[in-house]
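Chemist: The structure follows.
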Amino acid sequence: MREWAGRIGPSALVVINRIFESVPVDEQGLDAGLAVLRLARRYSAERVEAACRIGLAGPVRSPRYAHLKPILATGQDKAAELRPPREQGVEHGGYVRGASY
């Protein structure tokens, strides 16, 4: 399973490793790990890797199928690729009308 995840990418491998670290017995992580890896059948390996990267950046330590599937289904992995990197110290958005409005 780790070899399969390694073929998808390094973030997918981290997700699989964390799934197995989160369960007391390795066999308990098989279904969760396979569910994540099977996403590469429906979506491309690049998209699954991007979704794993987004999932790892979130608050969940061990992202699983339930966390990664919505990222892929809504196209958040594609939006992350198109989004330019944020500049340090520059805040975008916020209150634009000012106090006098």
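Chemist: Return the pair list, or none, for Cβ contacts closer than 9 Å from residues in the range 23-38 that are within 21 Å of Ala51 (Cβ to Cβ) to residues that are surrounded by fewer than 14 Cβ atoms within 10 Å (Cβ to Cβ) and of a type in the set (Ser, Thr, Tyr), at least 6 apart or on different chains.
Modeler: Gly29/Ser22; Ala32/Ser22
Chemist: Please tell me if Arg38 is touching a Pro at 6+ places or on another chain (Cβ under 9 Å), among the basic types (Lys, Arg) and surrounded by 12 or more Cβ atoms within 10 Å (Cβ to Cβ).
Modeler: Numbers: touching a Pro at 6+ places or on another chain (Cβ under 9 Å): no; among the basic types (Lys, Arg): yes; surrounded by 12 or more Cβ atoms within 10 Å (Cβ to Cβ): yes.
Spelling it out, it is not the case that Arg38 is touching a Pro at 6+ places or on another chain (Cβ under 9 Å), among the basic types (Lys, Arg) and surrounded by 12 or more Cβ atoms within 10 Å (Cβ to Cβ).
Chemist: Also, quick follow-up: So which residues in the range 20-53 are over 14 Å from Ile8 (Cβ atoms) and β-branched (Val, Ile, Thr), if there are any at all?
Modeler: Narrowing the range 20-53 to residues over 14 Å from Ile8 (Cβ atoms): 20-32.
If the condition is that a residue be over 14 Å from Ile8 (Cβ atoms) and β-branched (Val, Ile, Thr), then Val23, Val25 are the ones that fit.
Chemist: Within the group Ile19, Ile54, Ile8, which residue is in contact with a Gly (Cβ under 7 Å, 6 or more places away or on another chain) and at pLDDT 90 or above?
Modeler: On the way: Ile54 fails: in contact with a Gly (Cβ under 7 Å, 6 or more places away or on another chain); Ile8 fails: in contact with a Gly (Cβ under 7 Å, 6 or more places away or on another chain).
Ile19 is the lone residue from the list that is in contact with a Gly (Cβ under 7 Å, 6 or more places away or on another chain) and at pLDDT 90 or above.
Chemist: Moving on to the next point. Which ones in the range 46-74 are in contact (Cβ under 8 Å) with a residue 24 or more places away in the chain and of a type in the set (A, V, I, L, M)?
Modeler: Val48, Ala50, Ala51, Ile54, Leu56, Leu68, Leu72
Chemist: Please verify whether Ala50 is outside any loop (DSSP other than H, G, I, E, B) and within 11 Å of Leu68 (Cβ to Cβ), treating the condition exactly as stated. Let's see the steps before the verdict.
Modeler: Working: outside any loop (DSSP other than H, G, I, E, B): yes; within 11 Å of Leu68 (Cβ to Cβ): yes.
Yes.
Chemist: Residues to consider are Arg38, Arg42; find the one that is out of contact with any Asp or Glu (no Cβ under 7 Å at 6 or more places or on another chain) and either of a type in the set (Val, Ile, Thr) or more than 16 Å from Lys78 (Cα to Cα) (or both).
Modeler: Working: Arg42 fails: either of a type in the set (Val, Ile, Thr) or more than 16 Å from Lys78 (Cα to Cα) (or both).
Going through Arg38, Arg42 in turn, just one is out of contact with any Asp or Glu (no Cβ under 7 Å at 6 or more places or on another chain) and either of a type in the set (Val, Ile, Thr) or more than 16 Å from Lys78 (Cα to Cα) (or both): Arg38.
The values are calculated or read from the model by the stated rules, or taken from the named source; none is laboratory data. No experiment lies behind these values; they were computed from the predicted model shown. Positions of Cβ are generated from backbone atoms using ideal geometry, with glycine treated the same way; all protein chains shown enter the neighbour counts.
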